[in-house]
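Asker: Got a structure for you, questions after.
Any read-out appearing in this document is the output of simple, stated calculations on the displayed coordinates, not a laboratory observation. Everything quoted here is computed from the prediction, not taken from an experiment. Please note: Cβ atoms are built from the backbone with ideal geometry, for glycine as well, and neighbour counts cover all protein chains shown.
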Amino acid sequence: MERWQSIWENQVEYNLSESGVHPLKLGEILSPPSDLFDQPLGYTQTNGTRELRNAIAATYPSADQSNILVTNGSSEANFAVMWSFLERGAEVAVMLPNYMQIWGLAKSFQAKLRPFWMRESEGAWVPDLQSLKKVVSRKTKLIAVCNPNNPTGAIMRDEQVEEICRIAKKAGAWILSDEVYHGAELDGGSSPSFWNRYEKAIVTNGLSKAYGLPGLRIGWVAAPSELIAKLWSYHDYTTICPSALSDYLARRVLAEDLRTKILTRTKHILRENLPVVKYWVEGHRGCLSFIPPEAGAIALVKYSLKIGSSDLAERLVKEKSTLVVPGDQFLLGTYMRIGYGSTGEYLKEGLNRVSEFINSIQS
């Protein structure tokens, strides 16, 4: 998926593959005069400056800077955790559909994958916890989940989070919860975090999705301090430290007033644009359907056309200069993931391109 996006996202006229909101500009973070130009461009503290770790810890109840490791994006956070836990033959239970980095890393480390699926039930995507119970055993080292979920935009309920914790505790397994869409809930509430629910819970997050700042490449791991100390040693072998400028800017972003302003902006974009997607899907009733997302800037749309999702996505690029993510890349069949976090007019025109393609193959 990442390769698919990187090849085409800067070549097509309409990129509907993005999974975050329209990015902020530097001027929206800083106000002149700024001391940015006084920032030394040396190595920062390799696990993130104390100031940044304290700012991140402030978003997690009862956490302090010893519970935080700053990484270059949440993808590095996930990588460091997987690298530290998995080896050949280790068992990991993975929620599907999901951002497929965890799946790919587990295969790379020759771990034994034990998938459990989210299912469509009564107009919602819900985790099949009976399936999870069947795949988890005393051999399970890690249970990997994504909440809010990519690509469905679903949010697990408190009772589902608690049940996953009970399943993990019974097996003695750790939980890795990718919570990068935390803060991008459409109803204005806060999705339940695995933080503080279980003594073996690990949370990853970052500034890319809910904050609209993917170019800063700032992510983090929140976990028990003993595990953070271990993960820091793995981080020493990857990127060593965050960018000095990114660490500086992240500290400003996570200051309470600006953080609230940024997340309010994100939710405004999502609430403005989701009705556009709903109207578009409704205009193709009988061909398209979807369960509206509860969080994040992504919609998983099901279609009934006689064409595979990878073929559909490739033809959209070639014939309509429009990029979507095919469901095949999430081990799903006739689905496509559409990002709706862009500006309104850009989204409408991109969807019009997809409509033109649908109409052409239906006629």
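Asker: Over its Cα atoms, what ratio of radius of gyration to 2.2 N^0.38 Å does segment 145-196 give?
Answerer: Numbers: Rg = 11.3 Å, N = 52, 2.2 N^0.38 = 9.9 Å.
It is 1.15.
Asker: May I pose another question? Which value results for Rg/Rh of segment 176-253 when Rg is the Cα radius of gyration and Rh the Kirkwood radius based on the inverse mean 1/r?
Answerer: Values: Rg = 13.7 Å, Rh = 13.9 Å.
My calculation puts Rg/Rh at 0.99.
Asker: Then there's this: What is the order of Thr266, Thr239, fewest Cβ neighbours within 10 Å to most? Write down the numbers at each step before the final one.
Answerer: Working: Thr266 26, Thr239 16.
In order of increasing Cβ crowding within 10 Å: Thr239, Thr266.
Asker: Rounded to a whole number, what is D in µm²/s for segment 42-255 from Stokes-Einstein with the Kirkwood radius over alpha-carbon pairs (4 °C, 1.567 mPa s)?
Answerer: Working: Rh = 17.3 Å.
It diffuses with D of about 75 µm²/s by this estimate.
Asker: Continuing with this model, one more query. According to the square roots a ≥ b ≥ c of the eigenvalues of the Cα gyration tensor, what is the shape class of segment 260-363, taking rounded for a/c under 1.5, prolate for a/b larger than b/c otherwise, and oblate for the remainder? Please list the in-between numbers first.
Answerer: Numbers: a/c = 1.85, a/b = 1.69, b/c = 1.10.
In terms of gyration-tensor shape, prolate.
Asker: Okay, next question. Taking the radius of gyration and the Kirkwood hydrodynamic radius from Cα positions alone, what is the Rg/Rh ratio for segment 41-149, to two decimal places? Numbers along the way, then the final one.
Answerer: Details: Rg = 16.7 Å, Rh = 15.9 Å.
Looking at segment 41-149, the ratio lands at 1.05.
Asker: Based only on other Cβ atoms within 10 Å, what is the fewest-to-most ordering of Trp195, Trp220?
Answerer: Details: Trp195 21, Trp220 30.
Ranking Trp195, Trp220 by Cβ neighbours within 10 Å, fewest first, gives Trp195, Trp220.
Asker: Same structure again: Given H placed 1.01 Å from N in the peptide plane, which residues other than close sequence neighbours of Thr343 have an amide H under 5 Å from its amide H?
Answerer: Counting only residues 5 or more places away or on other chains, the set is empty.
Asker: I'd like to compare 221-231, 139-149: which one has the highest average count of other Cβ atoms within 10 Å, and what's the full order after that? Mind dumping the intermediate values first?
Answerer: On the way: 221-231: 18.6, 139-149: 23.9.
Listed from highest to lowest mean packing, they are 139-149, 221-231.
Asker: While we're on this one: Dipole magnitude of segment 265-363 about its Cα centre, charges +1 at Lys/Arg Cβ and -1 at Asp/Glu Cβ only, in debye to the nearest 20? Before the final figure, lay out the partial values.
Answerer: Numbers: 13 positive and 10 negative charges, 32 e Å.
It works out to roughly 160 debye.
Asker: Same structure again: What list of ³J(HN,Hα) values in whole Hz, one per residue of segment 127-142 in order, does the Karplus curve 6.51 cos²θ - 1.76 cosθ + 1.60 (θ = phi - 60°) give from phi, with Gly and Pro shown as x?
Answerer: Computed from phi, the couplings for segment 127-142 are x, 7, 6, 5, 5, 4, 4, 6, 9, 8, 9, 5, 7, 6, 8, 8 Hz.
Asker: A further question follows. Just how large is the dipole of segment 148-244 about the Cα centre, in debye to the nearest 20, putting +1 at every Lys and Arg Cβ and -1 at every Asp and Glu Cβ?
Answerer: Values: 9 positive and 11 negative charges, 48 e Å.
Computed charge dipole of segment 148-244: roughly 240 debye.
Asker: Moving to a separate point now. In the chain, with Lys and Arg counted as +1 and Asp and Glu as -1 at Cβ, which of these residues, Asn72, Ser84, Ala255, has the Cα nearest the positive end of the dipole, that is, farthest along it?
Answerer: Going by the charge dipole, the pick is Ser84.
Asker: Beyond a 20 Å Cα-Cα separation, which of these cross-linked pairs lie in this structure: Lys209/Lys302; Lys112/Lys141; Lys320/Lys348; Lys278/Lys348? Let's see the in-between values first.
Answerer: On the way: Lys209/Lys302 23 Å; Lys112/Lys141 10 Å; Lys320/Lys348 14 Å; Lys278/Lys348 11 Å.
The pairs that break the limit, which is 20 Å between Cα atoms, are Lys209/Lys302.
Asker: Return Phe85, Phe357 ranked ascending by Cβ neighbour count within 10 Å, so the fewest neighbours appear first. The partial results should precede the final answer.
Answerer: Numbers: Phe85 22, Phe357 18.
Exposure proxy ranking, most exposed first: Phe357, Phe85.
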